[in-house]
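Accompanying notes for the structure given below.
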Amino acid sequence: KKEVTLILTAVDGGTPPRSGTVAIHVTVLDANDNAPVFSQAIYKVSLPENSPTDTVVVRVSATDADEGQNGEVTYEFNRISDKAKNLFSLDSNTGVIR
């Protein structure tokens, strides 16, 4: 649940007993407990070697079932050679590789 409301009542030992009640509202924040899932398991692309610079090669797409910031997906290259870094670019927001 996104929200939980608890009612806390305190009673003293006096005669007559007196009591006080307060409502406690708890907002449950989403944990980052879901991994991003890509729309395809494998992206396979063929590209002619004489393709112009800035040609869109492929657009990768992933979603995350978490809510709020934890559900936002950004993209980045990992373990890419310097040569490949100079040939390809990746839009961190859209997943477009050029």
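Observations
- Residues located in segment 6-31, provided they are within 30 Å of GLN69 (Cβ to Cβ), open to solvent by less than 90 Å² (accessible area, probe 1.4 Å) and part of a strand (DSSP E or B): LEU6, ALA23, ILE24, VAL26
- For segment 33-73, filtered to residues that are open to solvent by 100 Å² or more (accessible area, probe 1.4 Å) and either in contact with a Gly (Cβ under 6 Å, 6 or more places away or on another chain) or hydroxyl-bearing (Ser, Thr, Tyr) (or both), the residue that is modelled with the highest pLDDT is ARG59.
- Scan of segment 82-98 for residues that are open to solvent by less than 50 Å² (accessible area, probe 1.4 Å), part of a helix (DSSP H, G or I) and within 11 Å of ASP54 (Cα to Cα), ordered by number: none
- Listed by first and then second residue, the pairs with beta-carbon distance under 9 Å, at least 6 apart or on different chains, first residue in segment 1-19 and hydroxyl-bearing (Ser, Thr, Tyr), second surrounded by 10 or more Cβ atoms within 10 Å (Cβ to Cβ) and assigned to a strand (DSSP E or B), are THR5/VAL26; SER19/VAL11.
- Residues located in segment 54-73, provided they are in contact (Cβ under 8 Å) with a residue 12 or more places away in the chain and part of a loop (DSSP other than H, G, I, E, B): ASP54, THR55, VAL56, VAL57, VAL60, SER61, ASP64, ALA65, ASP66, GLU67, VAL73
The values are calculated or read from the model by the stated rules, or taken from the named source; none is laboratory data. As the structure is a computational prediction, the values presented were derived from the model and not from experiment. Ideal geometry is used to build each Cβ from the backbone, glycine not excepted, and the neighbour counts take in all protein chains shown. Side chains included, ligands, DNA and RNA excluded: accessible areas come from the protein's heavy atoms. Shrake-Rupley method; radii C 1.70, N 1.55, O 1.52, S 1.80 Å.
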